[in-house]
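Colleague: One structure, pasted below without further comment.
The values are calculated or read from the model by the stated rules, or taken from the named source; none is laboratory data. From a predicted model like this one, the values you see are computed outputs, not experimental measurements. With ideal geometry, Cβ positions are generated from the backbone for all residues, glycine too; neighbour counts draw on all protein chains shown.
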Amino acid sequence: MQEELFIYNTLSRSKEKFTPIHKGMVGLYVCGPTVYSDVHLGNCRTFISFDLIYRYLLHLGFKVRYVRNITDAGHLEGDRDEGDDKFAKKAKLEQLEPMEIVQKYTVGFHDVMREFNALPPSIEPTATGHICEQIEMIKSIIEKGYAYEINGTVYFDVEKYNKEFPYGQLTNRKLEELLEGTRELSGQDEKRGRLDFALWIKAKPETLMKWLSPWGWGFPGWHIECSAMSSKYLGDTFDIHGGGMDLQATHHTNEIAQSQACNHKAPVNYWMHTNMLTVNGVRMSKSAGNGFLPGELFTGSHPLLEKGYQPMAVRFFMMQTHYRSTLDFSNEALQASEKGYARLMNSIKTLENLKTSSSSTSNIKELQKKCYEAMNDDFNAPILVANLFEGARIINSVNDGKETISADDLGLLKKLMHGFIFDVLGLKDENSLASNDKVLEGVMDIILDLRKEAKAKKDFAMSDKLRDELAKNRIMIKDTKEGVNWSIEQ
């Protein structure tokens, strides 16, 4: 499909036609996890949203270099470049080396992403693996007059930068507004300006993670890592930079400042941000007691959950809200998504056995057009899902003999449903049998043969009992003209 793709750009606050810098190629950078604790569901929503975006760009035929970093150093507890390094603090608490903490939670993050069927990025660089690049970028910013060093710590000079470039452009705020919301410097502050932030931080004697730099032993500030790694792998200006909306005001604002000060050009053409999660209308957070981890969601072990939910049902649930809209979790909504997910999976199974006719009663080409229009409108997955449900309706209607479909349209419908459900939405049938697990299939063949024999002997009580007992275990059987179909329901 050749329709134009439009993306909402946070920087311009409008939808813009997507024009990649290099024809047929896309540079995509997403701020990845900070691996000192388990990945929370808010992070998962961001990564799953960008997995959808990545998948659709691939579906359109783009060659995509998808870079998603791992923050494994330089993340302090305070927002004013103060407090302990979170990795070191966690390491001391658990009596481990900091890199053991990093390894533990990086592995955990990858496990969760596999559960959600997210494609791995093209490159997954780490902050600790790119200290040299960060030091070189800091040196360049100092040389160009936008940073200064005091007692081994290097600060970015926001007010000087703002004289040439609008510092608050990403959040549409003037420097004066930002200054009003910042407390005055105390007598102990080294910084020249209230909004100045650290590019390099001097290490304390007890600091565990530190590196030698031109300014002495220290470690990088949080923001510099993304500027250094994105420019290394995607160039000084690239196509799309994404992350959660909580990163706009500080992290991404500072990224723009660092990169523009270093290279004197805008680092990104399209800024994209996902919205936050709420639970029953209340913002998800640990303090509110409603912040649960993916593992708790899968097992149902959190007190707010009535039961556990399959990863694909959760992924499908997330696809039914636009990435820029607030996503509200509730048991009712998750259970509705379970049913919707099962409906799509069952329609795919039914699709394989449809009988064709000489003509079609539904316009499959028009349905295909609507699916692409939805995704080309800033990746509008909820509208895409609505159209896929229409596809499921057509499939069931043809199967029941209420509608007809031609051979050509059946081929198009198969391509449409498989392409968007599996390749773009990234769903998979969690209830399908794995190639190495034919036990259930064999058992079902035996049970269905017994039921067939019972019906032949007019032992309808036994036939109904087999059906009802299977239903109690979520295995639904359906008698059709062609034979008996069975499926595992949510």
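Colleague: Within segment 404-459, can you find the residues that are outside any loop (DSSP other than H, G, I, E, B), among the basic types (Lys, Arg) and at pLDDT 95 or above? I'd like the intermediate steps shown before the answer.
Modeller: Residues of segment 404-459 outside any loop (DSSP other than H, G, I, E, B): 406-424, 439-456.
Now drop any that are not among the basic types (Lys, Arg), which leaves 414-415, 451-452, 455.
414, 415, listed by residue number.
Colleague: So if I check each of 392, 407, 386, which one is touching a helix residue (DSSP H, G or I) at 6+ places or on another chain (Cβ under 7 Å) and among the aliphatic types (A, V, I, L, M)?
Modeller: Numbers: 407 fails: touching a helix residue (DSSP H, G or I) at 6+ places or on another chain (Cβ under 7 Å); 386 fails: touching a helix residue (DSSP H, G or I) at 6+ places or on another chain (Cβ under 7 Å).
Within the list 392, 407, 386, the selection yields 392.
Colleague: From 356, 350, which residue is of a type in the set (Val, Ile, Thr) and over 15 Å from residue 415 (Cα atoms)? Spell out the reasoning first.
Modeller: Working: 350 fails: over 15 Å from residue 415 (Cα atoms).
Matching residue, one of 356, 350: 356.
Colleague: Go through segment 9-47 and count every residue that is surrounded by 20 or more Cβ atoms within 10 Å (Cβ to Cβ), among the hydroxyl-bearing types (Ser, Thr, Tyr) and either outside the structural domain of residue 171 (by TED's automatic domain parsing) or touching a helix residue (DSSP H, G or I) at 6+ places or on another chain (Cβ under 8 Å) (or both).
Modeller: Going through segment 9-47 one residue at a time, the tally reaches 4.
Colleague: Further question on the same structure: For residue 474, are the conditions met, namely being surrounded by 12 or more Cβ atoms within 10 Å (Cβ to Cβ), over 18 Å from residue 349 (Cα atoms) and of a type in the set (Lys, Arg)?
Modeller: Working: surrounded by 12 or more Cβ atoms within 10 Å (Cβ to Cβ): yes; over 18 Å from residue 349 (Cα atoms): no; of a type in the set (Lys, Arg): yes.
So residue 474 fails the test.
Results for (1) in a helix (DSSP H, G or I); (2) modelled with pLDDT of 95 or more; (3) within 27 Å of residue 13 (Cα to Cα), shown as yes or no for each residue.
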{"site": "130", "(1), (2), (3)": "yes, yes, no"}
{"site": "133", "(1), (2), (3)": "yes, yes, no"}
{"site": "137", "(1), (2), (3)": "yes, yes, no"}
{"site": "145", "(1), (2), (3)": "no, yes, no"}
{"site": "159", "(1), (2), (3)": "yes, yes, yes"}
{"site": "166", "(1), (2), (3)": "no, yes, yes"}
{"site": "176", "(1), (2), (3)": "yes, no, yes"}
{"site": "179", "(1), (2), (3)": "yes, no, yes"}
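Colleague: Please go through segment 113-128 and pick out each residue that is part of a helix (DSSP H, G or I) and surrounded by 15 or more Cβ atoms within 10 Å (Cβ to Cβ). Give the steps one after another, and end with the answer.
Modeller: Step one: list which residues in segment 113-128 are part of a helix (DSSP H, G or I), which gives 113-115, 128.
Result: 113, 115, 128.
Colleague: Could I ask something else about it? Would it be correct to say that residue 65 is within 30 Å of residue 424 (Cα to Cα), assigned to a helix (DSSP H, G or I) and among the charged types (D, E, K, R)? Lay out the reasoning, then the answer.
Modeller: On the way: within 30 Å of residue 424 (Cα to Cα): yes; assigned to a helix (DSSP H, G or I): no; among the charged types (D, E, K, R): yes.
No; evaluated as a whole, the condition is false for this residue.
Colleague: Does at least one position in segment 294-303 carry a residue that is surrounded by fewer than 15 Cβ atoms within 10 Å (Cβ to Cβ), assigned by TED's automatic domain parsing to the domain that holds residue 382, more than 21 Å from residue 114 (Cα to Cα) and out of contact with any Asp or Glu (no Cβ under 6 Å at 6 or more places or on another chain)?
Modeller: yes
Colleague: Take the conditions at pLDDT below 95 and crowded, with 20+ Cβ neighbours inside 10 Å and apply them to residue 277. Does it pass?
Modeller: yes
Table: residues versus (1) over 22 Å from residue 142 (Cβ atoms); (2) outside the structural domain of residue 157 (by TED's automatic domain parsing); (3) surrounded by fewer than 23 Cβ atoms within 10 Å (Cβ to Cβ).
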residue	(1), (2), (3)
228	no, no, no
231	no, no, yes
234	yes, no, no
242	yes, no, no
253	no, no, yes
259	no, no, no
263	no, no, yes
268	yes, no, no
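Colleague: If a residue has to be surrounded by 16 or more Cβ atoms within 10 Å (Cβ to Cβ) and closer than 24 Å to residue 74 by Cα to count, how many in segment 153-170 make the cut? It would help to see each step written out before you state the result.
Modeller: Restricting attention to segment 153-170, the residues satisfying the condition of being surrounded by 16 or more Cβ atoms within 10 Å (Cβ to Cβ) are 153-158, 160-162, 167-170.
Next, from what is left, pick out any that are closer than 24 Å to residue 74 by Cα: 153-158, 161, 167-168, 170.
Number of matching residues: 10.
Colleague: Might you check whether a residue that is touching a His at 6+ places or on another chain (Cβ under 7 Å), in the same structural domain as residue 136 (by TED's automatic domain parsing) and touching a residue at least 24 places away in the same chain (Cβ under 8 Å) occurs anywhere in segment 205-219? Spell out the reasoning first.
Modeller: Just the residues of segment 205-219 that are touching a His at 6+ places or on another chain (Cβ under 7 Å), to begin with: none.
The answer is no, given that none of the residues of segment 205-219 is touching a His at 6+ places or on another chain (Cβ under 7 Å), in the same structural domain as residue 136 (by TED's automatic domain parsing) and touching a residue at least 24 places away in the same chain (Cβ under 8 Å).
Colleague: If you check residue 96 against the conditions, is it touching a Lys or Arg at 6+ places or on another chain (Cβ under 9 Å) and closer than 19 Å to residue 209 by Cβ?
Modeller: Working: touching a Lys or Arg at 6+ places or on another chain (Cβ under 9 Å): yes; closer than 19 Å to residue 209 by Cβ: yes.
Yes.
Colleague: Take the residues in segment 1-27 that are of a type in the set (Gly, Ala, Ser) and out of contact with any Leu (no Cβ under 8 Å at 6 or more places or on another chain), then tell me which one is nearest to residue 368 (Cα to Cα). If you could, list the steps in order and put the result at the bottom.
Modeller: At the first step, the residues of segment 1-27 found to be of a type in the set (Gly, Ala, Ser) are 12, 14, 24, 27.
Now narrow it down to the ones that are out of contact with any Leu (no Cβ under 8 Å at 6 or more places or on another chain): 12, 14, 24.
Details: 12: 31, 14: 26, 24: 22 Å.
Looking at the filtered set, the residue picked out is 24.
Colleague: Looking at 429, 423, 449, 377, can you tell me which residue is farther than 17 Å from residue 478 by Cα and exposed (fewer than 14 other Cβ atoms within 10 Å of the Cβ)? Before the answer, list the steps.
Modeller: On the way: 429 fails: exposed (fewer than 14 other Cβ atoms within 10 Å of the Cβ); 449 fails: farther than 17 Å from residue 478 by Cα; 377 fails: exposed (fewer than 14 other Cβ atoms within 10 Å of the Cβ).
So the residue among 429, 423, 449, 377 that is farther than 17 Å from residue 478 by Cα and exposed (fewer than 14 other Cβ atoms within 10 Å of the Cβ) is 423.
Colleague: While we're on this one: Mind telling me which of the residues 364, 394, 405 ends up being more than 30 Å from residue 242 (Cβ to Cβ), in contact with a strand residue (DSSP E or B) (Cβ under 7 Å, 6 or more places away or on another chain), among the hydrophobic types (A, V, I, L, M, F, W, C) and crowded, with 20+ Cβ neighbours inside 10 Å? Give the derivation first.
Modeller: Working: 364 fails: in contact with a strand residue (DSSP E or B) (Cβ under 7 Å, 6 or more places away or on another chain); 394 fails: in contact with a strand residue (DSSP E or B) (Cβ under 7 Å, 6 or more places away or on another chain).
That would be 405, the only listed residue that is more than 30 Å from residue 242 (Cβ to Cβ), in contact with a strand residue (DSSP E or B) (Cβ under 7 Å, 6 or more places away or on another chain), among the hydrophobic types (A, V, I, L, M, F, W, C) and crowded, with 20+ Cβ neighbours inside 10 Å.
Colleague: Also, I was wondering about something else. Within segment 205-215, is there a residue that is crowded, with 16+ Cβ neighbours inside 10 Å and either on the phi > 0 side of the Ramachandran plot or part of a strand (DSSP E or B) (or both)?
Modeller: Yes; the residues of segment 205-215 include at least one that is crowded, with 16+ Cβ neighbours inside 10 Å and either on the phi > 0 side of the Ramachandran plot or part of a strand (DSSP E or B) (or both).
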